[in-house]
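K.L.:
Pasting in a structure now, in structure tokens, and then I'll have a few things to ask.
The values are calculated or read from the model by the stated rules, or taken from the named source; none is laboratory data. Small disclaimer: the values here were computed from a predicted structure and weren't measured. Because the Cβ atoms are built from the backbone with ideal geometry, glycine has one as well, and the counts that use them run over all protein chains shown.
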Amino acid sequence: MLVDRLSGEFHSAQAEIDEGPIYPEVAAKEIREHLARYDFSSAMPLEEAAADVEQMLRRWQVQVTHPRYLGLFNPSVRLASVVADSLTAIYNPQLAAWRTAPAAIEIERHTLAWLAAKFGMPADTAASFTSGGAEANLSAIIAALTHDFPEYGEKGLHSLPAPPVFYVSAEAHHSLSKIAHMTGLGREAVRAVPAGKDLKMDVSALAAAVDEDRRSGLAPFLVVGTAGSTAAGAIDPLPELAEFCRRERLWFHVDAAWGGAAIVSPTLRHHLAGIEHADSITCDAHKWFSVAMGCGMFFCRHPQTVARAFRAETSYMPRTAGEDTPDPYTHSVQWSRRFAGLKLFLTLAELGETGQAAAIDHQTRMGDRLRNRLAASGWRIVNHTPLPVVCFTREDIDLPAFLGGLRARQICWMSEARLAGASVIRACITSFKTTEQEVDQIAEQITHLAAEQKRSPVTC
Ligand SMILES: *Cc1c(COP(=O)(O)O)cnc(C)c1O
């Protein structure tokens, strides 16, 4: 059985990762010199090359699946992902057209429909797996442009009477700026609406910006609400944004790349209320669903718009199987398509909805615990979110020296974030493996570290 064989490999690798260092100590030169032996002039046994690569991955990367990696939404993974990616490579299904890969496409469709229903989207929602949140956000912008500007697809943006602009919170993900560049909207088309003290988009500032832009001859078409901001886990006021978009006839996109997973948790899902009104949603399985990269998702309640936006006609692709079996290559950004959705399907099948919710609730509790321990040890918590991202600081801390100390002692991986113009420390419980003991130990050790550094400042 594939599962048995992979299970041994997976668990022994994981055990070593969990015991080992989190931060690598390496310069590019060392890796490049090591790679010089691979000039591909002669064949070598696969075992040898694969073993070498595994050693390189052990030594030369940040171990994002380590339970003390409190990082950037990169999760620990489960055996289900490993099995899924192996099956995908073995059978290499081509998901561009339904006729070529009916089993794989129906598995993805089934999985996406389940999640779309959790989000409160209608049964005919168009959905697809994407490489990640960036591609899902790109899909949303293209769909919204296609929906609002009939000339956009054929004649291009320059044929429009007024330049389209869209609105994001100042805390929104920076992929949206790249997307504005890539689509030809231009980066200035992204209007960053100030966030309030709570780091949520200020809806009255949004209203004022839309009004002012319309008056100066621009064409507002979309608002992005972020549900779980990358730096601080802030959730924009989704019900108010939905209502505003409905009134102003603007497309409402919710970027729930990380936070969207909270929808399966009965204790957290009410924080996402309002998402059911979204025209489109981004959600990444490779973040809080703890699925291996890359596994993003795009949902859109306007299937006709999606079909128009991504239409393609060829003589060489298999003919459409039927109305009810759309071909992914005519409904999404990608053409050749990997079976990315299997990772989420197998994860959900193995854990069940309750198991998945339990993992999410566990991480949330660990986040609460970390927040409480830090506050009790004199740290100032600077963000407010029900999700497990904790941003914090204290007086007189030298941030580079502090982060250097974390690294030198391999205490845990944390990052720096800028919130409202100030640099703070950011910790996110991204692993379902992180335990209470580890959280307590981390809080204690970093408090010691800060105290030590205050007594005898070091420069790194
Ligand atoms: C991570 C993230 C993205 C980008 O997703 P990728 O999967 O990295 O492409 C977009 N938006 C938010 C809010 C994110 O956290």
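K.L.:
Among the residues of the stretch 247-282, which ones are closer than 25 Å to residue 209 by Cβ, in contact with a Pro (Cβ under 9 Å, 6 or more places away or on another chain) and not in a helix (DSSP H, G or I)?
P.N.:
250, 273, 274
K.L.:
Working only within the stretch 99-119, note down all residues that are among the acidic types (Asp, Glu) and touching a residue at least 12 places away in the same chain (Cβ under 8 Å).
P.N.:
108
K.L.:
Ok, one more. Evaluate the stretch 362-371: report whether one residue or more is in a loop (DSSP other than H, G, I, E, B), of a type in the set (S, T, N, Q) and in contact (Cβ under 8 Å) with a residue 24 or more places away in the chain.
P.N.:
Scanning the stretch 362-371 turns up no residue that is in a loop (DSSP other than H, G, I, E, B), of a type in the set (S, T, N, Q) and in contact (Cβ under 8 Å) with a residue 24 or more places away in the chain.
K.L.:
Mind counting the residues in the stretch 225-252 that are closer than 19 Å to residue 270 by Cα and within 13 Å of the ligand (Cβ to nearest atom)?
P.N.:
Summing the residues that are closer than 19 Å to residue 270 by Cα and within 13 Å of the ligand (Cβ to nearest atom) in the stretch 225-252 gives 10.
Residues are listed down the side, and each one gets a yes or a no for (1) exposed (fewer than 15 other Cβ atoms within 10 Å of the Cβ); (2) of a type in the set (A, V, I, L, M, F, W, C); (3) under 24 Å from the mean Cα position of the chain (by Cα); (4) within 16 Å of the ligand (Cβ to nearest atom):
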{"site": "148", "(1), (2), (3), (4)": "no, no, no, no"}
{"site": "152", "(1), (2), (3), (4)": "no, no, no, no"}
{"site": "161", "(1), (2), (3), (4)": "yes, no, no, no"}
{"site": "164", "(1), (2), (3), (4)": "no, no, no, no"}
{"site": "168", "(1), (2), (3), (4)": "no, yes, yes, yes"}
{"site": "171", "(1), (2), (3), (4)": "no, no, yes, yes"}
{"site": "177", "(1), (2), (3), (4)": "no, no, yes, yes"}
{"site": "189", "(1), (2), (3), (4)": "no, yes, yes, no"}
{"site": "192", "(1), (2), (3), (4)": "no, yes, yes, yes"}
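K.L.:
Filter the stretch 239-253 down to residues that are without any contact (Cβ under 8 Å) to a residue 40 or more places away in the chain and under 20 Å from residue 384 (Cβ atoms) and give me whichever is surrounded by the fewest Cβ atoms within 10 Å (Cβ to Cβ).
P.N.:
If we take residues in the stretch 239-253 being without any contact (Cβ under 8 Å) to a residue 40 or more places away in the chain and under 20 Å from residue 384 (Cβ atoms), then 239 is surrounded by the fewest Cβ atoms within 10 Å (Cβ to Cβ).
K.L.:
Does residue 333 satisfy being assigned to a strand (DSSP E or B), within 22 Å of residue 149 (Cβ to Cβ), within 16 Å of the ligand (Cβ to nearest atom) and at pLDDT 95 or above?
P.N.:
no
K.L.:
For the stretch 399-425, what are the residues that are part of a loop (DSSP other than H, G, I, E, B), in contact (Cβ under 8 Å) with a residue 60 or more places away in the chain and more than 21 Å from residue 197 (Cα to Cα)?
P.N.:
410, 411, 412, 414
K.L.:
Follow-up question, since we're still on this one. Considering the stretch 129-146 alone, what residues qualify as being within 14 Å of the ligand (Cβ to nearest atom) and of a type outside the set (Phe, Trp, Tyr)?
P.N.:
Within the stretch 129-146, 130, 131, 132, 133, 134, 135, 136, 137, 138, 139, 140, 141 meet the criteria.
K.L.:
Could you identify the single residue in 123, 97, 50, 113 that is among the small types (Gly, Ala, Ser), away from the ligand (no atom under 16 Å from the Cβ) and closer than 29 Å to residue 8 by Cβ?
P.N.:
Only one candidate qualifies: 50.
K.L.:
Would you mind finding the one in 2, 70, 79 that is touching a Leu at 6+ places or on another chain (Cβ under 9 Å) and within 16 Å of the ligand (Cβ to nearest atom)?
P.N.:
Result of the check over 2, 70, 79: 70.
K.L.:
How about the stretch 211-232: which of its residues are touching a helix residue (DSSP H, G or I) at 6+ places or on another chain (Cβ under 7 Å) and either surrounded by fewer than 20 Cβ atoms within 10 Å (Cβ to Cβ) or not hydrophobic (A, V, I, L, M, F, W, C) (or both)?
P.N.:
If the condition is that a residue be touching a helix residue (DSSP H, G or I) at 6+ places or on another chain (Cβ under 7 Å) and either surrounded by fewer than 20 Cβ atoms within 10 Å (Cβ to Cβ) or not hydrophobic (A, V, I, L, M, F, W, C) (or both), then 220, 225, 228 are the ones that fit.
K.L.:
Only residues that are in contact with a Phe, Trp or Tyr (Cβ under 7 Å, 6 or more places away or on another chain) and surrounded by fewer than 16 Cβ atoms within 10 Å (Cβ to Cβ): list them for the stretch 400-457, please.
P.N.:
410
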